[in-house]
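K.L.:
Quick one: structure below, then a few questions.
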Amino acid sequence: MVVAGGLLPQAAFANGTPGGGGIVAPTAAPAPAAPASPTVSETQTVKLTRSQIKSVQRRAKVRADGALGARTRAALRRYQAKKRLARTGRPNLQTLRAMKLAFAEKIEKQLVARQRAPGARTVAGYAFPIRGRWSFGGSATGFGDRGGAHQGVDLLSACGTPVVAASSGSVKVKKRHGAAGNYVVITGTPSGEDQVYMHLQSASPLKVGDRVDAGSPVGSVGRTGNATACLLHFELWSAPGWYEGGEPRDPRRDLRSWGGAAAH
Ligand SMILES: [Zn+2]
């Protein structure tokens, strides 16, 4: 079934609720401190589009000499020296901000999306999608429960616990839905399967098309949509993917193999 108009197909929920609706009370995990907002290196060289490079060249008062030639690098070093920035001769967040370029914010978001959450543990290219204490949900929270209507598993965890990408891929869907809450679908994973993350506390910082690595921040555990507890509802769909002809399968074994702190 193709997602028409970008809406989560209602038909998919005909037999019940999507996501983690109607689950039992969570086994209480102590609420972790609110995760610090991710930070990125200010001086790491960033990749710019051709028009962004032109803007940088204008600010550095250099005549365009191709993508990022020697003249531009020398001019950037002069500019950075004048502004007392790290003299890298390369475009970076620090320099873009000093130049008051509007796309600095966009570049920062891209860097954050690519950044592996600190401390994320990866197993053969996979990371457990919750960075903190969690447990499998109780009855009616497993794959195929509620008469087959439940197409993923519910992982109970304190609201606010960081959710990270289980593997590399790119964002296919990022939306809010009455039942699924804030959710994200990641496609193009190493296994070819789509991964679905539902009930996020707030809209994911990711955008459609963003690339992620295993451990990249996706959002935080929440209870948005039809969830009666703080939980991550996680799905795995075979190619060609989520509501595009793929089939959901039980992700429990995979989740176990990816480990995760205080796994039960
Ligand atoms: Zn669920």
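K.L.:
Among the listed pairs LYS54/LYS109; LYS106/LYS175; LYS82/LYS207; LYS61/LYS207; LYS109/LYS172; LYS83/LYS174, give every one whose C-alpha distance is greater than 27 Å.
P.N.:
Check vs 27 Å cut-off fails for LYS82/LYS207; LYS61/LYS207; LYS83/LYS174.
K.L.:
At what distance in nm do the modelled label points of GLU42 and ASP250 sit from each other, each positioned 7 Å from its Cα along Cα→Cβ?
P.N.:
5.1
K.L.:
Same structure, new question: So for the pair LYS54, THR228, with labels modelled 7 Å out along Cα→Cβ, what separation do we get in nm?
P.N.:
Inter-label distance under the simple model: 5.8 nm.
K.L.:
Could you work out the equivalent-ellipsoid semi-axes for the range 50-114, taking the square root of 5 times each eigenvalue of the Cα gyration tensor, largest first, in whole Å?
P.N.:
Listed largest to smallest, the semi-axes of the range 50-114 are 19, 14, 10 Å.
K.L.:
Sort the following peptides by mean Cβ neighbour count (other Cβ atoms within 10 Å, averaged over residues), highest first: 199-208, 185-194.
P.N.:
Answer by packing, highest mean first, reads 185-194, 199-208.
K.L.:
How long is the gain from LYS61 to LYS83 if the chain were fully straight, where each residue apart is worth 0.36 nm and the alpha carbon distance is subtracted?
P.N.:
Result: 6.5 nm gained on full extension.
K.L.:
What is the distance, in nm, between label points placed 7 Å from the Cα along the Cα-to-Cβ direction at LYS207 and at ALA102?
P.N.:
Between LYS207 and ALA102, the simple spin-label model gives 1.2 nm.
Readers should treat all values here as calculations from the given coordinates under stated rules, not as data from a laboratory. Since we're looking at a predicted model, the values are computed, not measured. As a convention, Cβ positions derive from the backbone with ideal geometry for all residues, glycine included, and neighbour counts pool all protein chains shown.
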